[in-house]
Amino acid sequence: MPSAQKPMRYGHTEGHTDVCFDDTGSCIVTCGGDGDVRIWENLDDDDPKSINVGEKAYSCALKNGRLVTAVLNNTVQLHTFPEGAPDGILTRFTMNANHVIFNSDGSKIAAGSSDFMVKVVEVTDSSKQKTFRGHDAPVLSLSFDPRDVYLASASCDGSVRVWKIADQTCTTSWPLLQKCNDVINAKSICRLGWQPGSGKLLAIPVDKAVKLYRRETWDSQLDLSDAFITQPLNVVAWSPSGQYLAAGSVDGSMVVWNVETQECIERMKHEKNYSICGLAWHPKYRQIAYTDTEGNLGLLENVGDGKKPNDKVASAVTKDYNDLFDGEDDDYLNGDMIEPESSPKAGANEDDGDDDDLVPTSGHQRRAIIDDDDNSLDIGLIKANSNLLEKEDDDDQIDGFPALPPSSTQQPFYDGPMPTPRQKPFQSGSTPAHLMHRFMVWNSVGIIRCYNDEQDNAIDIEFHDTSIHHATHLPNSLNHTMADLSTEAVLLACESTEELASKLHCIHFSSWDANKEWTVDMPKDEDIEAICLGQGWAACATSALLVRVFTVGGVQKEIFSLPGPVVSMAGHGEQLMIIYHRGTGFDGDQCLGVQLMELGKKKKQILHGDPLSLTKKSYLVWVGFSAEGTPCYVDSEGIVRMLNRGLGNTWIPVCNTREHCKGKSDHYWVVGIHENPQQLRCIPCKGARFPPTLPRPAVAILSFKLPYCQVTTEKGQMEEQYWRSVVFHNHVDYLSENGYELDENAKSQSVKEQQELLMKLFALSCKLEREFRCVELADLMTQNVVSLAIKYASRSRRLNLAQRLSEMAVEKASELASAAEDEEEEEDFRKHLNAGYSRTATEWGRPPGRNVQRDQEMEDEEEADACEEAEETREVHKQRPNPFAKGVTSAEVTTPKSVVITSSSQGRVNPFKVSSNKKDPVVPSANVLDTMSKYSKKTSLSGSRAANKQNPPVIKPLIPKPKSKQASAASFFQARTPNSSEKTVEEREEKAGNESHEVKVTPQENTENRRPKTGFQMWLEENRANILADNPDLNEAEVIKEGMSRFRMLTSEERMVWTEKAKGGTVNDSTEDKKRKRPPADENEGKKNQEQKSEDSNLSKKAKPLDQSTNARLSAFAFKQS
């Protein structure tokens, strides 16, 4: 190589060492960890002059015969040069200054300190000081703009800021570096440099490349990189002419570029590969002095003379985009962050050895993606800054670089979308692994913290509820970096080292035996990347793209392959959710997939690697389950999404935490989600993405809000509330299917709340005269609410609407009637399975991916039935002539008109409940709403779920309402039930009176409507004609009475034959009979069944099969009451 590298000289004790030339270049000045400043006439000077400036010197700068040093006692001092006489203290900080620099004319100095401050001080009058506040961590380095307008600073908070000196404001900030908590932990000290002269470019060493940002527009002009650089760059230095840029890395590599051509003209290696921490160009000659972290001084001469360096190391300069996937694409797939080039000649750092410095990014405003944002180093701006080719303005030609000359080596310029670096695996609820004090996990069970400092490496486990387990302190000798916590166990994992394999360690504290811990070693070269715990199992995902499942006691279970590298995983109960890279994302977007599995008795996959929806240019920051077991995740833009099981397992955004943040750089760090009550538990982080371990962060509770349109209007607000209620109650169905006991009140509460909102929306649409919309809303209502809606419509004089609603009610009923018939067959079968929760036959056979919304509606309807039943009984209760029952003979349904009136005046009439006060048996009568009431039966077990959630309404004794002519030819049997404390719905109460019977209505009573006919009903149908022939002037009720007395005259055998006949057609009746020990007198049959059903339904919650004697006792009880 043309440049000469002289052997290095020992200058200072080991530690950070700084170097500069004096103004004329006659001597080299160094300072170091021994507190001395040494003045070398040249590299061979065996007796350099020494000035002691303090216990330890961090940085020195020299101009106009003044030497400035930053020393251990937190001061910035001035000495005369070369005499070395102390000349006063320029400024003080509360911690040591890390870097001092002069401006171009030597009139001001700038210093950046570990107390997050930057100060600019006049050298001649140190009382003139300006302080720049804004960094959230120690300041690493500074650079004055040659024109004295701006000051650039880099900090451990991961940002590089540009300040306007005049008004001390921050002009721009880029999140380019990896975050750390102190200078000694920084991957790079990031010495910045403005281009001398014009100050048009600011050079920033970012990972393995130098990013050049353009003055005023502050956009990334280009990146300089080279395949020779395999480790992060520490320092950059411009040649005095501004034509060349030198950079030194933490492993001792040095390179020099010609900035204009972006060509690498020198490549040098430190003789011992020590980290380069100081670089200085000679003011006149092509020499570079450099120092390392061991206190040595070296010199490069004749830099950039002659030809290009030999091409032993292929320069990455001319690589084009396609090379990313050419040969070296393995690194990409292994999660190494490849720098997307932003110019035809910017290099891709393929020899990316150090893949822990992950830095994903997003478009213009670079955002580092990282383990929970810890390593925020930045990777090349994702949008290719192609403005190199078409320069914006011609003044660019002055200095900086002219438009690129076409060179023979240049390949066609790729200007398409750039691949996004892949996000690294992370544990939800953890903070970055490189921090000394960090959260390993914070979830709804407890908190695991890790302390890793000089004194010790330990793990603290704390439980929110100490009744689960007491707090624990563990040594962390294996250096565990991942943790998860459940109510049964603590799971820890560490990565492999050269000697030790990657290990999974479980502390099963809920075990009842004495051995509570177990450890499993992974196979060679397989590292654990994510772990999680469920109920009775633990799982880990490894770098071999495998997921390994274990029991919580340590038995190895299933193993399966993942389609891509894991990002994170979460467990809850039997559910396991895994997020992984489905492919390569472009332009700042991640390309993730999600698998959701159930590891219970029946193992199945619910989501088969579906794409995971993320906000544009964001990445995943949290994934987990709500306390009720619904999968959720959060992206870096603060959007919380939840699985909507009611819409075919789609994801719905339920909250935007950014809406609650005050500042742009504030974030919420999610720790848990609850659906009932609706709470998002998270920790507010001011100016950061994650909280510090001390002081202990406080948890805030945010509310959910679905992003519906126009939520400022009443309509939008109610729609949002309704659908939010629906989404947040989907878990009820899911849990009940999986055999959990449920709080019935909560369920009925939610249904009530939803129906109230629908009714309000209905009323609002009515007012606005949007009748079509009213019908659409009624479609979502349960049946009893539809009858309220019908009433409301007719009272608002909207008869057309009321009529359409009644037609809809009839249709709804008949549609569901068919579905409900199948239920009965499964009733017994289900009871034996203790599946007391499964509500409908359809749902029974459906996989969990079923349409919950529909179930929701069916449940709603069941509830409706219960209430509607109640209304019917109320109306039917008095025996008033029914103006709408046509003639005794008539079998047709009356005209829709009358239907409307019926419904509007009194709710619906149940045609099958006909009796006199002598408790006549139930008789089929042709009536207006035959078709509608057909539907109302639900199987006892199924219906009971919905119903018992609402307090079963009790129909109070009724008095006839003088106004209403409405009545039906029949009354209903009422059994007095002991537990008649519950209240009914409002309108029912108007009717309370002193009638001596009360009816406890449970959804089973609807079963009356669609119950297959009794023997008496069949007999009456056949013999009605005879009765009418004998007594042509009887009305319907009298026909039934007469029929009753004739039926009683039959012998018991004949009556049995009819009963058998009635039973023959339906499984239902036979099951009913099995339940009843004795064949009851017909008059009580209907009532008893109801009675039993209501009792059964109460029992069914606990899913215990009823034994025969219970049934017998229940029916006997009902019998006595009557």
* Asked: Any chance segment 661-672 includes a residue that's touching a helix residue (DSSP H, G or I) at 6+ places or on another chain (Cβ under 7 Å), modelled with pLDDT under 90 and open to solvent by less than 40 Å² (accessible area, probe 1.4 Å)?
  -> no
* Asked: Is it true that some residue in segment 476-487 is part of a loop (DSSP other than H, G, I, E, B), open to solvent by 60 Å² or more (accessible area, probe 1.4 Å), closer than 30 Å to residue 187 by Cα and of a type in the set (Ser, Thr, Tyr)?
  -> yes
* Structure fact -> Counting only residues in segment 263-298 that are among the charged types (D, E, K, R) and over 19 Å from residue 229 (Cβ atoms), the one surrounded by the most Cβ atoms within 10 Å (Cβ to Cβ) is identified as 294
* Asked: Do you know which of the residues in segment 112-134 that are β-branched (Val, Ile, Thr) and closer than 27 Å to residue 158 by Cβ is surrounded by the most Cβ atoms within 10 Å (Cβ to Cβ)?
  -> 118
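Which of the residues that make up segment 610-631 are in a strand (DSSP E or B) and either surrounded by 22 or more Cβ atoms within 10 Å (Cβ to Cβ) or among the aromatic types (Phe, Trp, Tyr) (or both)?
620, 621, 622, 623, 624, 625, 631 - these are the residues of segment 610-631 that are in a strand (DSSP E or B) and either surrounded by 22 or more Cβ atoms within 10 Å (Cβ to Cβ) or among the aromatic types (Phe, Trp, Tyr) (or both).
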* Asked: Out of segment 549-560, which residues are surrounded by fewer than 20 Cβ atoms within 10 Å (Cβ to Cβ) and in a loop (DSSP other than H, G, I, E, B)?
  -> 553, 554, 555
* Can you name every residue in segment 22-48 that is at pLDDT below 90 and under 24 Å from residue 267 (Cβ atoms)? -> 43
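Out of segment 14-49, which residues are open to solvent by 60 Å² or more (accessible area, probe 1.4 Å) and either β-branched (Val, Ile, Thr) or over 57 Å from the mean Cα position of the chain (by Cα) (or both)?
Step one: of segment 14-49, the residues open to solvent by 60 Å² or more (accessible area, probe 1.4 Å) are 14, 23-24, 26, 41-42, 44, 46-47, 49.
Across segment 14-49, the qualifying residues are 23, 24, 26, 41, 42, 44, 46, 47, 49.
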* **Residues (over 18 Å from residue 698 (Cα atoms) and in contact with a strand residue (DSSP E or B) (Cβ under 8 Å, 6 or more places away or on another chain)) located in segment 446-459** => 450, 451, 452, 453, 456, 457, 458, 459
* Asked: Being closer than 23 Å to residue 508 by Cβ and either open to solvent by less than 20 Å² (accessible area, probe 1.4 Å) or of a type in the set (Gly, Ala, Ser) (or both), is that true of even one residue in segment 638-648?
  -> no
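Here's the yes/no breakdown for (1) open to solvent by 40 Å² or more (accessible area, probe 1.4 Å); (2) under 20 Å from residue 154 (Cα atoms); (3) within 57 Å of the chain's Cα centre (by Cα):
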site	(1), (2), (3)
51	no, no, no
67	no, no, yes
76	no, yes, yes
79	no, no, no
83	yes, no, no
86	yes, no, no
96	no, yes, yes
* To do: Looking only at segment 544-560, count how many residues are hydroxyl-bearing (Ser, Thr, Tyr) and in contact (Cβ under 8 Å) with a residue 40 or more places away in the chain.
  => 0
* For segment 712-722, indicate whether the set of residues that are crowded, with 22+ Cβ neighbours inside 10 Å, under 28 Å from residue 756 (Cα atoms) and touching a His at 6+ places or on another chain (Cβ under 9 Å) is non-empty. => no
* Could we say that residue 427 is assigned to a loop (DSSP other than H, G, I, E, B) and closer than 28 Å to residue 574 by Cβ here? -> yes
* (1) surrounded by 17 or more Cβ atoms within 10 Å (Cβ to Cβ); (2) outside any loop (DSSP other than H, G, I, E, B); (3) not polar (S, T, N, Q): which one isn't true of residue 473, the others all being true? -> (1)
* When the residues of segment 783-802 are filtered to those that are open to solvent by less than 20 Å² (accessible area, probe 1.4 Å) and under 39 Å from the mean Cα position of the chain (by Cα), which remaining residue is nearest to residue 813 (Cα to Cα)? -> 783
* To do: Have a look at 563, 523 and point out the one that is loosely packed, with under 15 Cβ neighbours inside 10 Å, under 29 Å from the mean Cα position of the chain (by Cα) and either closer than 20 Å to residue 603 by Cβ or in contact (Cβ under 8 Å) with a residue 12 or more places away in the chain (or both).
  => 563
* Could you give every pair whose Cβ atoms fall below 9 Å, whose first residue belongs to segment 632-644 and is assigned to a strand (DSSP E or B), and whose second residue is of a type in the set (Asp, Glu), counting only separations of at least 6 or pairs across chains? -> 641/635; 642/675
* Structure fact -> The lone condition residue 106 fails out of (1) surrounded by fewer than 22 Cβ atoms within 10 Å (Cβ to Cβ); (2) outside any loop (DSSP other than H, G, I, E, B) is (2)
* Asked: Among the residues of segment 444-459, which ones are open to solvent by 40 Å² or more (accessible area, probe 1.4 Å) and of a type in the set (D, E, K, R)?
  -> 454, 456
* Quick one: which of 758, 742, 768, 764 is surrounded by 13 or more Cβ atoms within 10 Å (Cβ to Cβ) and out of contact with any Phe, Trp or Tyr (no Cβ under 8 Å at 6 or more places or on another chain)? -> 764
* residue 465 vs. criteria open to solvent by 40 Å² or more (accessible area, probe 1.4 Å), at pLDDT 90 or above, over 26 Å from residue 625 (Cα atoms) and not small (Gly, Ala, Ser) -> no
* To do: Return the only residue of 166, 203, 137, 152 being assigned to a loop (DSSP other than H, G, I, E, B), open to solvent by less than 20 Å² (accessible area, probe 1.4 Å) and among the hydrophobic types (A, V, I, L, M, F, W, C).
  => 137
* Asked: Before we move on, is residue 346 modelled with pLDDT of 85 or more and aliphatic (A, V, I, L, M)?
  -> no
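The values are calculated or read from the model by the stated rules, or taken from the named source; none is laboratory data. Just so we're clear, the structure is a prediction, and the values are computed from it rather than from any experiment. Positions of Cβ are backbone-derived with ideal geometry, glycine not excepted, and every protein chain shown enters the neighbour counts. For accessibility, only protein heavy atoms count, side chains too; no ligands or nucleic acids. Shrake-Rupley method; radii C 1.70, N 1.55, O 1.52, S 1.80 Å.
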